[in-house]
Amino acid sequence: MQFDPPKATASDEQLLPLVDIILMLLIFFMLAGTLVASDPLQVNPPDSASETHVNERELVVVLGQNGELAFDGEVLDRQTFELVLKERVASAPEAQFWLKADAQADSNDVIVVMELLREAGVERLELLTLQKTDQENP
Amino acid sequence: MAAATPTRLARPRRRRSLIGLTPLIDVVFILLIFFMLASNFLRWRAIDLSAPVRAAATVPVEQDVLKIEILMDGMTIDGASITMTQFDQQVSDRLAQDRDLTIVIQPDVGVPLQRTVSTLDRLRSLGASKLNLVRDPQAAGL
């Protein structure tokens, strides 16, 4: 009666709370996080005080820090970009486009891309930003 | 009694080892690490660019227009350079005269996007609604 028989199986049973917590964490990350395909360019978007939320993002034009363009998961030069863009606009004329530009990119490059998109026939365009954290003003 | 106890204990142990908890934990751990690394919690916001883009080509000249230039080291309003405190004051004054004042924002070559976006934010918080982004004529393009 002095030896404790349950101890022999305890190693397994002690793992159960651990498994519980891990499952809980797993479910949390599955539900709370969003899985998004990573961009071909490293981009740190600017932050803004805008209150417009964005959920689904399909047609995203990425503009890198030094003016590199990427669309549809590929880095493109300007000519190819215009061609690809024209095809996409022709197949979906009313589509909403998003522009994801680096915070350090030249503003004029961003405006050039805006003009490019407009020439290609894009009617609806939004600039993607992150929610503003407390920071200094311009 | 002493002989019965070990046999009764041995059975559940053998049944559990048939499935095995350790592989389950391994798989769950791997899934957990995958979701931790792959998911992101960024809070995305958007600024509508459609209207300013469309308006940028046809800025009416005769109408009352406030032109703001963002320079590398400051700003100008209608050509006169200005400090940040004067900026708020002047823009509010102009907006008080005309609620529908069209504001044209022209960032200088090399001004990072963050400053332009912050300026747009600031103007919008002052109550401006008609904001147009215009390219610097000297900008070379991509």
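Tally the DSSP beta bridges in the range B:67-123 and give the antiparallel ones as a percent, rounded to 5. Don't jump to the answer; show the numbers that get you there.
Values: 7 of 11 bridges.
So the antiparallel bridges amount to about 65 percent of the total.
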Roughly what angle does helix A:78-91 make with the longest principal axis of chain A, taking Cα atoms, 0 to 90 degrees, to the nearest 10? 80
Which value in nm describes the separation of the simple spin-label points at residue A:104 and residue B:30, placed 7 Å from the Cα toward the beta carbon? 3.8
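Please compute the average number of Cβ atoms from other chains found within 10 Å of each residue's Cβ in peptide A:22-33.
On the way: counts 6, 5, 1, 6, 8, 2, 4, 10, 5, 2, 3, 8.
If you average over the peptide's residues, the count of other-chain Cβ atoms is 5.
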Expected sort for B:21, B:32, B:133 with the fewest Cβ neighbours (10 Å cutoff) up front is B:21, B:32, B:133
At 7 Å along Cα-to-Cβ for each site, give me the label-to-label distance between residue B:41 and residue A:27 in nm. 1.8
Ranking B:65, B:134 by Cβ neighbours within 10 Å, fewest first, what do you get? B:65, B:134
If I stretch the segment between residue A:41 and residue A:84 completely, what's the gain in nm (0.36 nm per residue apart, minus their alpha carbon distance), one decimal? 13.7 nm
Please state the charge dipole magnitude for the range A:10-86, taken about the Cα centre, from unit charges on C-beta atoms (+1 on K and R, -1 on D and E), reported in debye and rounded to the nearest 20. 220
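Read-outs: derived from the displayed coordinates by stated rules, not from any lab. A quick note: this is a predicted structure, and the numbers were derived from the prediction, not measured. Please note: Cβ atoms are built from the backbone with ideal geometry, for glycine as well, and neighbour counts cover all protein chains shown.
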